[in-house]
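Reviewing the structure listed below.
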Amino acid sequence: MTEEAQGKSKADAAQAISIGLIEKAWEFKWGIQLIYIALYADAVLAWFLHKNLLSVTTGSTQIWESIGALLLAVAGFGLTVSFVIPQFSEFMRKFIIEISPAFLLDAFRKRGAESGEVSLHYLHTEALRTSDDFLMAIYQEKNSIWIRKLNDQRQATTLLIGLVLLTVSDIWVGYTSGTETLILWLARGHEVPFYLYLALAIFILPIFSILKPWPRAYAYHPQLRRKQDQERKELYGSDGTTRLG
């Protein structure tokens, strides 16, 4: 296998893993959001009442004695999921992209157009230039799908980053308050392997979700592709040098 083929294989593998994580996160978004609630409630109860979520019942006297604090906690949850987590996710995105080495960024590089495909940008330009309603209809359909996929991808990334943040927070609150929170309870008796695997997941999830390339913005249109190839040939020449006319 040539070096170029090996590089392409590694890039495809990295993209496949990343795409899998994002798609699964979006498929299970409701489950992840329920975990959000559980982890947040668990951390709040541990901080204020020194109890974990499993040990609290609706008849617990401490709940009603601390109803004011719990109401503030409910408001805090709304602030956390609507502001704190998105801001933290954006910070992590910039941080990971900044510190990632070139070989890692290359592994997630965006794939180019395949045979018979043109970019949505080129398709849109041609539709405007020729006033072709059919081309414009294709562009609008493909572009709306691309925007939806991009929004889903961004939301799934934010979900995963938020899950990491709440997991770490639950552990920290547990140790700080001296309470066996849910994560500490899950780790009971298997602390070393549990935290090793958890640390690996916390390290991998943000990287693969953030570095995942944007959805492919191409449409299959062989006729336009031949036209684009001809334009490039006339502009750059068959030898790759620009022709000035």
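The values are calculated or read from the model by the stated rules, or taken from the named source; none is laboratory data. Everything numeric in this text was worked out from a predicted model, so none of it was measured. Every residue, glycine among them, receives a Cβ derived from its backbone with ideal geometry; neighbour counts consider all protein chains shown.
Would you check if Thr61 is at pLDDT 80 or above and of a type in the set (Ser, Thr, Tyr)? No, not satisfied.
Show the residue pairs that are 6+ apart or on different chains and have beta-carbon atoms under 7 Å apart, the first residue being within the range 116-136 and within 12 Å of Lys227 (Cβ to Cβ) and of a type in the set (Ser, Thr, Tyr), the second being part of a helix (DSSP H, G or I) and at pLDDT below 90. From residues that are within 12 Å of Lys227 (Cβ to Cβ) and of a type in the set (Ser, Thr, Tyr), the pairs are Tyr122/Gln228.
Based on what the data block shows, is Gly178 in contact with a His (Cβ under 9 Å, 6 or more places away or on another chain) and on the phi > 0 side of the Ramachandran plot? Considered against the rule, which asks whether it is in contact with a His (Cβ under 9 Å, 6 or more places away or on another chain) and on the phi > 0 side of the Ramachandran plot, Gly178 comes out as yes. Inspection of the range 166-184 identifies no residue that is farther than 30 Å from Leu45 by Cβ, surrounded by 13 or more Cβ atoms within 10 Å (Cβ to Cβ) and of a type outside the set (S, T, N, Q). The residues on offer are Leu105, Leu160, and the sole one that is surrounded by 18 or more Cβ atoms within 10 Å (Cβ to Cβ), touching a residue at least 60 places away in the same chain (Cβ under 8 Å), within 30 Å of Leu205 (Cβ to Cβ) and among the aliphatic types (A, V, I, L, M) is Leu160. Among residues of the range 71-128 being hydrophobic (A, V, I, L, M, F, W, C) and not in a helix (DSSP H, G or I), the one that is modelled with the highest pLDDT is Val118. Of all residues in the range 122-157, those satisfying the criterion of being under 30 Å from Gln33 (Cα atoms) and either buried (at least 19 other Cβ atoms within 10 Å of the Cβ) or charged (D, E, K, R) (or both) are Lys142, Arg148, Lys149, Asp152, Gln153, Arg154, Ala156, Thr157.
Restricting the search to helices (runs of 4 or more DSSP H) fully inside the range 134-245 and requiring at least 3 residues that are within 30 Å of Ile97 (Cα to Cα) and at pLDDT 90 or above gives 191-210. Selection of the range 166-199 for residues being within 22 Å of the chain's Cα centre (by Cα) and over 24 Å from Val81 (Cα atoms) yields only Tyr197. For the range 213-220, the condition of being surrounded by fewer than 19 Cβ atoms within 10 Å (Cβ to Cβ) and more than 20 Å from His121 (Cβ to Cβ) holds for none of the residues.
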